[in-house]
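These notes concern the structure reproduced below.
Please treat every number below as a calculation from the coordinates, not as lab data. These figures come from a predicted structure and were not determined experimentally. Note that we place each Cβ from the backbone using ideal geometry, even for glycine, and neighbour counts take in every protein chain shown.
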Amino acid sequence: MNGEAPIIEIRGLTSRFGALTAVDHLDLTIARGEIFGLVGPDGAGKTTTLRMLCGLMQPSEGSARVAGHDVGRESQAVKDQIGYMAQRFGLYGDLTVEENMVFYADLFGIVGAEREQLNAQLLRMTRMEPFRGRQAGRLSGGMKQKLALMCTLLHRPQILFLDEPTNGVDPVSRRDFWAILYQLLKDGITIFMTTAYLDEAERSNRVGLMHKGRLIRCSAPDVMKRETGGATLEEAFIKTIRAAEGTVVDGR
């Protein structure tokens, strides 16, 4: 981590819903400028983890600091520093691309020349300029994801939390979306994402495997394959779940 303090620090983070433990004593650190992929079966606790890190849910136990702020005690300060793109982002289908962007800019208090400059920059980056006047409800799935990402980026967040952002999107749109993410990484934004696609997990600097609420392995994709003897990342995950179910690993 090159001596710099991690931008995300998680210690014993736990979320319980009655008798169900959705996230079980998660320990993890994320370096500034890293792209981290969180994967695991449905119900593994990935979305709950993201919601706690975004200050949208209070942890039952443990702590997390995001961009220097405690998610439990300083949730608003956390929200000011992050962008969160849920699986179903709240776009307004009867508003145009540009009108959706203006609406979210108003929510963030971004007005005047700054808003015009940001809108133009984001439209260029995503190649959505030709569609600025199209209603969001008439966009393709990939274009809707691009619009959601633009709205998430309007307040210049330090960290992006993305919950399966390309789920159900066609392969060409997924490729375009990843080209945008790589540009954001070059600009210094940290990306923490969940994904159902293992080819996307392979593109992460590190990947964490969750199972039944616990982080059971965390490393670079190539290291994970080498250590497990898996020929593919999918094979490495299957071997890890079979061999290490219930074993927590150090996520640093």
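Between Leu209, Leu162, Leu20, where does the largest GNM mean-square fluctuation fall for the chain, given springs only between Cα atoms within less than 10 Å?
Checking each option, the largest mean-square fluctuation is seen for Leu20.
Once the Cα gyration tensor of the chain is diagonalised, what are the square roots of 5 times its eigenvalues, in whole Å and ordered largest first, as equivalent ellipsoid semi-axes? Provide the component values of the computation, followed by the final result.
Values: eigenvalues 195, 86, 54 Å².
One finds semi-axes of 31, 21, 16 Å for the chain.
Listed highest first by mean packing, meaning other Cβ atoms within 10 Å per residue, what order do 77-89, 145-157 come in? Present the calculation step by step, with values, prior to reporting the outcome.
Details: 77-89: 18.1, 145-157: 21.9.
Answer by packing, highest mean first, reads 145-157, 77-89.
Determine, for Ser140, Ser15, the number of other Cβ atoms within 10 Å of each Cβ, and report the residues in order from fewest to most. If you can, show how the numbers build up before the last one.
Working: Ser140 13, Ser15 22.
Lowest count first: Ser140, Ser15.
Non-local amide H neighbours of Ile35 (under 5 Å, H modeled in plane, Pro and chain starts lacking H): which ones?
Counting only residues 5 or more places away or on other chains, the set is Ile191, Asn205, Arg206.
Pairing the Cα long axis of helix 112-126 with the longest principal axis of the chain, what angle in degrees results, from 0 to 90 and rounded to the nearest 10?
Roughly 60 degrees between the two axes.
Could you tell me the distance between the Cα centroids of region 169-221 and region 1-56, to the nearest Å?
14 Å
Order these peptides, 187-198, 220-231, by their mean beta-carbon neighbour count within 10 angstrom, highest first.
187-198, 220-231
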